[in-house]
Every structure is written in structure tokens, then in C-alpha cells.
Amino acid sequence: MKKYIVFIAISALFIASCTDLDEDLNGLLEESGLTDQEIVSGQISSAYNQLRSFQHTDNQYALLQHPTDEMAGPTRGADWDDGGAWRVLHLHQWNSSHPRIVSAWNQVLGGLFSAIDALSNNPGAEEEAIATFYSSYYMFYALDLWGQVPYREPGSNYGEFPIVLKRIDAIDLAITQLEAVFNNLPNSSANNAVTQYTAASLLAKLYLNKAVYKATDEDGTPQAGPFTFDSSDMQKVIDNCDFVIGGPFTLQANYFDNFAPNNTAISTENIFVSENDNSTGGEVRRMYYMTLHYNHNPGGWNGFVALTDLYDKFDTNDPRFGGEYAGLTDVSGLRTGMLLGDQFQQDGSPVLHRQGFPLTYTRDFELANSTEERGIRAVKYIPDYNNVDRPANDFVLFRLADIYLMKAEAMARMSNDPSAPLNTLRTARGVESIYTGVTLNDILDERSRELYWEGWRRNDQIRFGTFLDPVQQKPDTSDRTKIIFPIPATALSTNPNLVQNPGY
């Protein structure tokens, strides 16, 4: 226990940036009696464990999904009001004190600081490479969400405030530092550890979004596009995707196996996951609790809904649209994917509204005042009936389908025909129609059909220039300052190097 206490204390000191940190930190390390190797191993474990924050609906997930054309959180009477927190995310009306923005900032920066702490304590070559991956990973999310990255060079003085990297500089650092250590990473198929395939997946994502981050006004205001995607960057996307495609992963025959309670054992396409088990839990239970009705099995929180913008992208014959699933439908009556209309129990009897009549989900909802049956629901992660509160589903961070989609997009942005990778994916999914002519809008829609509710939609919409557009229950076009979130007020008060983003 003492070992973990000192790691938490180090990160807390890193964030606080007080003037006497060197003395405090040295005292902590001397008191701990830990070796450099123990500190490095513990901080790498801390950076990996911090990935669980992505499966918690009150952290990054809220920022990555709720402001998009895929999800909303309607208030239902007194349920899901939360001071309007969910409504303002959907309406792009947040401020610097929004609780989801504050919690996400703390989680992302906590992961980054753990990685830099590991790099500051003489790691071996492989551990340095792994810690560097985490540094680039959390830096990616910080620059993507806030456009600024508080950062310390490994081994620098803890008594000084972290410098702040703007997103135009942070993207270059995230790429170059990861490429420098790539060959020192293990060439392994393990999806619960950092490998060369994990790093190549992240590098593809970084290069794909590089043009977005470079398109920033001098005062830090993000540009809304259209963006100029450099051909050399797109070739890097393709090269990294080809590296992963040539590896040990294959597209899963049953789409929803990727999200099953035993997904790590049965999925052949999950490249990197945040691991969960029935003993220690995690928060992946929120992926079904957040949307299912109170009287479903499992009984959910009757919260978030899928927008018609998402639902209408599907051909109902597309297996990703959903259907019966062994271990789910035969146990509870639930189906995977999009849930609309009458809902049934395992024995065929109707799921009941709390007022006693059959529950029928509707296409429409009102953001500020919905009754409990309104709104389309989605089930992607399969409930773990061995332990619904501590499910063993591993939370998916990178998977092979996204690799094919990123390759297709990079090819299209180089004016090449991206049909081959798209059709490889659609054929593997059992989709009857294949592409013969492809537009960028086709690729954006395909990304939604494949990756819905996985935390990529905000990033995708910004890159394709649709993030600010009106959507269901959001009638207005947003200002481009909403492409990034405000720096939390608490962070501004503790680091004078941070400056509030324009528009906030």
C-alpha cells in the first residue's frame, strides 16, 4: 500500500505545482524506500489503470460523445437533470466549471503525469518506450479536448510550474517521441499491454488529425476547416495502418463479440483494451446501465439516447444495427444495437413502463423534459450476467476495424480509391452492399456505423467539418470556439502558464 500512496502523492504534487515541490518530493521518495525500478513499474501501472477513466460516463466519455450527432442525455422529470450538465453538453453551451470537463481534465492529466514520472526515474529501454506511449496517448487527448497540454520534460524541476504546449506543438512532440522509441516496444499481440501494434494505431490517429491541430489561429482559436491534409502525413497513416493490418489481428466474424464479457478471449480484432474482471470491476457497466430502462434486465438508469442521425445511417440488415445475441437475448430478452419500438422480456412478455403499460421506445425525445419511454437506445457492450455490477468486458480503445477505416480515409484524402479497405470491413461484417464509388461523407457515415458510442465521434466530426452543425434537439450552428473545451477554472488558478481558450 505504501508504494501506491507515494505514486498518488507524486502525481498530486505534479498537478499542484507548488514552489516547495522539490523538497516535498525528495522527502517522499526517501521515505518510501522504493528503487527506481519499482517507481517506474508502479507509474506505468498507474498510467494503464488511468485508462479506466475512459469507460466512466462522467469523464472523457461525456465530452467525446454527448456533443455529437450520436448521443444525448435528456432529462426525465427529476431524473438526469444534474443541474443541466447533460443538456449543455448537447447544446454546446458548457463553461469552465462544467463538472464533466473538470473531471476529464483531471483524469487525462493524471495519466500524463504518471507517464512522465516513469520517464523521470531511469527506466530501461522497453519501459521507457511503454511510458512514452502513455505520454503520447494522454497528450493526444489533452491537445484534442483542450488545445493545451501542461507538460514537464522528464526529470525537470518539480518546483516549477509545468510549461504549456499549444496543440500545434504538442502534436509534433506526441508523434516524434513515440516514433523515437517504437522499435523498443514488444512486438506482441497482447491487447492489454502496450505493443508496437498499439503504438502504430496511435500514430495513425495522430497523423490523421495533425492537419486539424495545425489549423489554429495565433490566439489559440481552432479553425473549423476544411483542412489541408498533407500527403506525407496521410502516407504515414497508411503505413502505420498497414503495419497493424499485417499483424496477428483479424476482423471478428460476430461484431458484438468485440464487446462481450469475454471479449479479450474471443475477439480477434481488439488491439488495445482497458482490462476489467469480475473481481476488481471497472466502470464498463455504465455502457449498458446508462441507456437501458429501469425494468430491463439488467435494470438500467434510463438515461442516454441515440439520435435519429445515427439510427438512420443503418440499413436494418446491417449486423451492426443489432439483433439477437446468445447469452443476452435468451437470458433477458434484450437485443444488441439499436433499440426502438416495443421491448420484450426473455419469455416474450413485454417490458413494462413504470406506470404498468408496455414499454415502447420512440424516435423522438425532448432534451429538457422527456417521459421515460422516449428516445432510441443502444446496447453495444453485452451485460455480464455473472456480475452485472462488476462486468468482465474489457473496454476497447483500439481495434482493427478503425485501422481499416483510417486507411480508407487517408487514401481518400490523397485522392485515391478507398473502396478496398472499406469493402474488406463491410464484407467481414456481413453487410450485403459494398462500395463502388466512395465520398468522404461515405467514410464518415461508415465510421459512425462501425464505431458508434465508442468515443470517437467528436474527433471524427471535427475532422470532417460537421461537429458544429445542428442536430436533433440542437437547432443552432455552434461557434468554432466550441471545437475545444475551456480550461477548467481550477486548473487556471493553479498554473499561471495556462491561459483560457478564446470564447470562454
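The values are calculated or read from the model by the stated rules, or taken from the named source; none is laboratory data. Predicted model, so just to flag it, every value in this text is computed and none were measured. Note: ideal-geometry Cβ built from the backbone for every residue, glycine included; neighbour counts use all protein chains shown. With ligands, DNA and RNA removed, areas are computed over all heavy atoms of the protein, side chains included. Shrake-Rupley method; radii C 1.70, N 1.55, O 1.52, S 1.80 Å.
Amide H contacts under 5 Å for Met71: Leu307, restricted to partners 5 or more places along the chain or on a different chain, H placed in the peptide plane at 1.01 Å from N.
Sorting Ser136, Ser349 by accessible area puts them as Ser349, Ser136; the probe is 1.4 Å, largest comes first, and only protein heavy atoms count. For the range 224-315, the direction-averaged projected area of the alpha-carbon convex hull comes to 10.1 nm². Residues whose amide H falls under 5 Å from that of Arg399, counting only those 5 or more places apart or on a different chain, are Ile271, with hydrogens built in the peptide plane. Under the convention that each Lys and Arg Cβ holds +1 and each Asp and Glu Cβ holds -1, the size of the dipole of the range 380-420 around its Cα centre is about 80 debye.
Divide by every residue of the chain the summed helix terms, -39500 (n - 2.57) for each DSSP H run of at least 4, and state the resulting mean residue ellipticity at 222 nm, rounded to the nearest 500 deg cm²/dmol. Provide the component values of the computation, followed by the final result.
On the way: 19 runs with 213 residues, N = 504.
It lands at -13000 deg cm²/dmol.
3J(HN,Hα) couplings calculated from phi for the range 81-90 with the Karplus curve 6.51 cos²θ - 1.76 cosθ + 1.60 (θ = phi - 60°) are, in sequence order, 7, 6, x, x, 4, 6, 4, 5, 5, 5 Hz; Gly and Pro show x.
Each residue of the chain gets 137 Å³ once the volume of the Cα convex hull is shared out per residue.
Given R₀ = 45 Å, FRET efficiency for Ser232-Asn278 by Cβ-Cβ distance, to 0.05?
0.45
Applying a threshold of 30 Å to the alpha-carbon distances of Lys166/Lys313; Lys214/Lys380; Lys166/Lys380; Lys380/Lys407 flags Lys166/Lys313; Lys214/Lys380; Lys166/Lys380 as lying beyond it.
Relative contact order of the chain, taken over Cα pairs closer than 8 Å and 6 or more residues apart, is 20 percent. The shape of the range 247-404 can be summarised by an equivalent ellipsoid whose semi-axes, obtained from the alpha carbon gyration tensor, come to 27, 18, 14 Å from longest to shortest.
Among Ile163, Ile271, the sequence by solvent-accessible area, most first, with a 1.4 Å probe is Ile163, Ile271. Computed from the C-beta positions of Asn183 and Asp342 and an R0 of 45 Å, the FRET efficiency is 0.20 to the nearest 0.05.
Think of each Lys and Arg Cβ as +1 and each Asp and Glu Cβ as -1; about the Cα centre, that makes the dipole of the range 26-117 roughly 400 debye.
Between Ala368 and Thr176, the FRET efficiency estimated from the beta carbon spacing at R0 = 41 angstrom works out to 0.30.
Calculate, for the chain, the solvent-accessible area per residue in square angstrom, rolling a 1.4 angstrom probe over the heavy atoms of the protein chains. Don't skip to the end; give the middle numbers.
Numbers: 18090 Å² over 504 residues.
In whole numbers, the chain has 36 Å² accessible per residue.
Could you tally the net charge around Val181, taking each other residue with its Cβ under 12 Å from the Cβ of Val181, Lys/Arg +1 and Asp/Glu -1? With Lys, Arg at +1 and Asp, Glu at -1, the neighbours total -4.
The figure for Asp315 is an accessible area of roughly 90 square angstrom, using a 1.4 Å probe on the protein chains alone. Spin-label model, Leu352 to Asp469: label points 7 Å out along the Cα-to-beta-carbon direction sit 4.3 nm apart. Dipole orientation for the range 134-223: of the candidates Trp146, Asn192, Ser135, Asn192 has the Cα lying most toward the positive pole (charges on Cβ; Lys, Arg +1; Asp, Glu -1).
If you put +1 on each Lys and Arg Cβ and -1 on each Asp and Glu Cβ, how big is the dipole of the range 383-504 around its Cα centre, in Debye rounded to 20? Could you put the intermediate results ahead of the total?
Working: 14 positive and 16 negative charges, 53 e Å.
So the dipole magnitude of the range 383-504 works out to roughly 260 debye.
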